[in-house]
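Read through the structure below, which is laid out as structure tokens, and then see the notes.
The values are calculated or read from the model by the stated rules, or taken from the named source; none is laboratory data. Everything numeric in this text was worked out from a predicted model, so none of it was measured. Here the Cβ is made from the backbone with ideal geometry for all residues, glycine too, and neighbour counts use every protein chain on show. To get the accessible areas, we keep the full protein, side chains included, count just its heavy atoms, and leave off ligands, DNA and RNA. Shrake-Rupley method; radii C 1.70, N 1.55, O 1.52, S 1.80 Å.
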Amino acid sequence: MSGNTFGKLFTVTTFGESHGPAMGCIVDGCPPGLPLTEADLQQDVDRRRTGTSHFVSQRREADQVRILSGVFEGHTTGTPIGILIENTDARSRDYERLRDRFRPGHADYTYQQKYGVRDHRGGGRSSARETVMRTAAGAIARRYLAMRLGVRIYGYLSQVGPLLLEPVDPPFAYQNPFFCPDPQRVKEIEELIWKVRSAGDSIGARVTVIAAGVPPGLGEPVFDRLDADIAHALMSINAVKAVELGAGVRSAAQRGRVLGGISSGQDVIAHLTLKPTSSIQVPGSTIDLAGNAVEIVTTGRHDPCVGLRATPIAEAMLALVLMDHYLRHRAQNADVKSATPDISAPRA
């Protein structure tokens, strides 16, 4: 299987399956000298962890981060950073009845057709469990960007089902299990999720992520546009079906100018829409390995709304893109001097 590495200079290669012994990744290209400990990664990983509330999957993984290489005496060395997180609460028996049949809306059938073999336990490599490693790797990028450039990355749930949420208090998003940015709307979300879960169903969501303090000049004007790479990164997250940059689809009604796919110093804003998870308790129709029509009920522990835990993952992917593009920009243009002032820099 190819396609497990992301980035060009700051690269992340992930490995592992949902019900395998562990998840892992190799982060290569991180500059030396960055202060880094396992605790620095743990805080981001914990924010996407399952089993933290009644509203998400009850798979209770410790998600304990272990740094195996690339860090010495609390600082990065410039060599590959190996990270491992063991799977400690996988219940493979929950998926035994799915061994010979495909879950609708999942990658089961397509994996079988592409590889001729599949791991039926929780989807194997296609499981959202893989995103725990993106989150850990993204924490490294986020830390570097914050310490070296002053970039701040944050996000929040901007829609769940029919409920539209405004960023009344963005910091509050990190104080509730929904990443809701409005304290007055939490009760509504609770009631909606309970209703959906009680029906054995699922619901979709929209997440917004923002990077403030991004310097101008990141991105290339043709194939490697910054917005194109952000779209690629966010679209690679499980269940994401739409990505918008800035005004997104509302741009059709606007007038204005384009910036050539290069950061301008303004905030970078992205929105991602996630479909309702197909892992629901409602009986459905599918086929088995022999192509016979059969009925199926998806078992196991699943999120009624995968978007509720997507904010830390989206933040991580945005951080990875910005980090990669910053290193690429530095490599080619470190000596460039512009007569025009940096509009993102604070003025006296």
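Observations, loosely collected:
- Carbon plus sulfur fraction of accessible area for the range 69-191, probe 1.4 Å, in percent: 50
- Inter-probe distance in nm under a simple model that places probes 7 Å from Cα toward Cβ, at residue 22 and residue 247: 4.9
- Put a plus charge on the Cβ of each Lys and Arg, a minus charge on the Cβ of each Asp and Glu, and nothing anywhere else: the dipole of the chain about its Cα centre is then about 340 debye.
- Across the range 59-152, C-alpha contacts under 8 Å between residues 6 or more apart give a mean separation that, scaled by the residue count, equals a relative contact order of 19 percent.
- The range 180-280 - Rg over Rh from alpha carbon coordinates, Kirkwood radius: 1.07
- Once the gyration tensor of the Cα atoms in the range 63-193 is diagonalised, the equivalent ellipsoid follows with semi-axes of 31, 28, 13 Å, ordered largest first.
- Extended-chain gain in nm, criterion 0.36 nm per residue less alpha-carbon gap, residue 198 and residue 146: 14.5 nm
- Length released on extending from residue 212 to residue 43, taking residue separation times 0.36 nm less the Cα-Cα span: 58.8 nm
- Both radii come from the Cα set of the range 146-188: Rg as radius of gyration, Rh as Kirkwood radius; their ratio Rg/Rh reads 1.09.
- Residue 186 paired with residue 174, simple spin-label distance in nm, labels 7 Å along Cα-to-beta-carbon: 1.6
- Residue-span extension gain [residue 338 to residue 288] - 0.36 nm each, minus C-alpha spacing: 11.7 nm
- Sites residue 69 and residue 235, calculated FRET efficiency, Cβ-Cβ separation with R0 35 Å, nearest 0.05: 0.70
- Residue range of the chain that is longest and free of trypsin sites (Lys or Arg not before Pro) which are both DSSP loop and sparsely packed (at most 14 other C-beta within 10 Å): 100-254
- Taking all protein chains as shown and a probe of 1.4 angstrom, residue 198 keeps an accessible surface of around 100 Å².
- Surface/4 estimate of mean projected area, convex hull on alpha-carbon atoms of the range 128-199, nm²: 6.2
- Average accessible surface for the range 110-233: 43 Å² per residue, computed with a 1.4 Å probe over protein heavy atoms with every protein chain in place.
- Modelled this way, with points 7 Å down the Cα-to-C-beta line, the labels at residue 266 and residue 89 are 4.3 nm from one another.
- Remark on the range 299-339: Rg and Dmax equal 18.2, 62 Å (Cα only).
- Each distinct pair of alpha carbons in the chain adds a 1/r term; the inverse of their mean, the Kirkwood radius, is 21.3 Å.
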